[in-house]
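Here the structure comes first, spelled out in structure tokens, and everything after it is commentary.
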């Protein structure tokens with residue numbers, strides 16, 4: 001068995017940072033777990049999660065997109081795969097994406113690695129970034145990697161009495177009963193959905209936490225267009 005050194009971990013983080021991405025955290029799979037395959041096809045020993053905080057990757061993604069010779073379906077996924085795939089190749093890992101099929105349990109991995117819990121909107125609430133963060137992929141290694149255990153952070157949603165994230169949507173798309181997907185789509189695509197199309201989800205923007213990491217309106221519009229197909 002080989003072990004991944006702390007210096008090597010910092011090198012991975014530095015390689016990701018060159019495109020505005022961050023090494024979120026990770027963990028080693030237990031011997032009794034059904035771990036996904038690593039680069040060689042044998043079960044991976046460890047996973048490192050790759051993501052973003054705020055809009056840091058956006059300038060890098062835009063430059064890449066402007067350099068493409070023709071329109072690309074799901075360009076952010078394609079860019080993420082290319083960047084994370086390059087880092088994986090450099091460090092002998094297998095790169096995987098949240099959109100890969102069969103789907104891998106990215107949200108469960110994230111909760112385990114970072115000690116996060118879902119907000120009422122389903123997005124994991126981060127103690128620093130609030131709802132303004134994302135996971136863009138992961139690196140699967142056939143090495144043991146020692147990553148610090150997540151600290152027991154306060155779940156901010158438990159301290160939020162007013163819950164503005166459940167009161168700002170015109171069609172009450174989010175509630176304690178879950179997400180009304182079709183109602184949300186109909187509203188966003190309809191004549192009264194312009195605020196959502198141009199500035200993002202009103203419920204998400206109503207959350208008071210991590211405001212300094214909030215995506216700018218043009219980025220939120222990009223994501224909303226991808227979600228609603230508009």
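The table below gives the values:
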quantity	calculated
Any hit, segment 23-43, residues being touching a helix residue (DSSP H, G or I) at 6+ places or on another chain (Cβ under 6 Å), at pLDDT below 95 and more than 30 Å from residue 211 (Cβ to Cβ)	no
Failed item, numbered, when residue 145 is tested on (1) buried (at least 18 other Cβ atoms within 10 Å of the Cβ); (2) more than 15 Å from the chain's Cα centre (by Cα); (3) at pLDDT 95 or above	(3)
Residue pairs meeting the criteria (Cβ under 7 Å; at least 6 apart or on separate chains; first more than 30 Å from residue 161 (Cβ to Cβ) and outside the structural domain of residue 61 (by TED's automatic domain parsing), in segment 201-230; second modelled with pLDDT of 95 or more and in a loop (DSSP other than H, G, I, E, B))	221/200
Evaluation of residue 168 against (1) closer than 22 Å to residue 129 by Cα; (2) assigned to a helix (DSSP H, G or I) (one fails), failing number	(2)
Enumeration of residues in segment 172-200 that are free of Cβ contacts under 8 Å to residues at least 12 places away in the same chain and on the phi > 0 side of the Ramachandran plot	172, 178
Candidate set from segment 149-159 (those that are under 17 Å from residue 210 (Cα atoms) and touching a strand residue (DSSP E or B) at 6+ places or on another chain (Cβ under 9 Å)); member that is surrounded by the most Cβ atoms within 10 Å (Cβ to Cβ)	156
Candidates 93, 152, 88 - the one that is in contact (Cβ under 8 Å) with a residue 12 or more places away in the chain and farther than 30 Å from residue 39 by Cα	152
Residue within segment 115-136 that is surrounded by 14 or more Cβ atoms within 10 Å (Cβ to Cβ), at pLDDT 95 or above, assigned to a helix (DSSP H, G or I) and on the phi < 0 side of the Ramachandran plot present	no
Residue in segment 178-186 that is outside the structural domain of residue 119 (by TED's automatic domain parsing), in contact with a strand residue (DSSP E or B) (Cβ under 8 Å, 6 or more places away or on another chain) and surrounded by fewer than 17 Cβ atoms within 10 Å (Cβ to Cβ) present	yes
Boolean, residue 106 is under 29 Å from residue 34 (Cα atoms), free of Cβ contacts under 8 Å to residues at least 60 places away in the same chain and either loosely packed, with under 14 Cβ neighbours inside 10 Å or out of contact with any helix residue (DSSP H, G or I) (no Cβ under 8 Å at 6 or more places or on another chain) (or both)	yes
Yes/no for residue 12 being touching a helix residue (DSSP H, G or I) at 6+ places or on another chain (Cβ under 7 Å), touching a residue at least 40 places away in the same chain (Cβ under 8 Å) and not in a strand (DSSP E or B)	yes
Residue list for segment 57-90, filter: buried (at least 17 other Cβ atoms within 10 Å of the Cβ) and outside any helix (DSSP H, G or I)	57
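The values are calculated or read from the model by the stated rules, or taken from the named source; none is laboratory data. Only a predicted model underlies this, so the values are computations on that prediction, with no experimental measurement involved. Don't worry about glycine lacking a Cβ; one is built from the backbone with ideal geometry, like all the others, and counts go over all protein chains shown.
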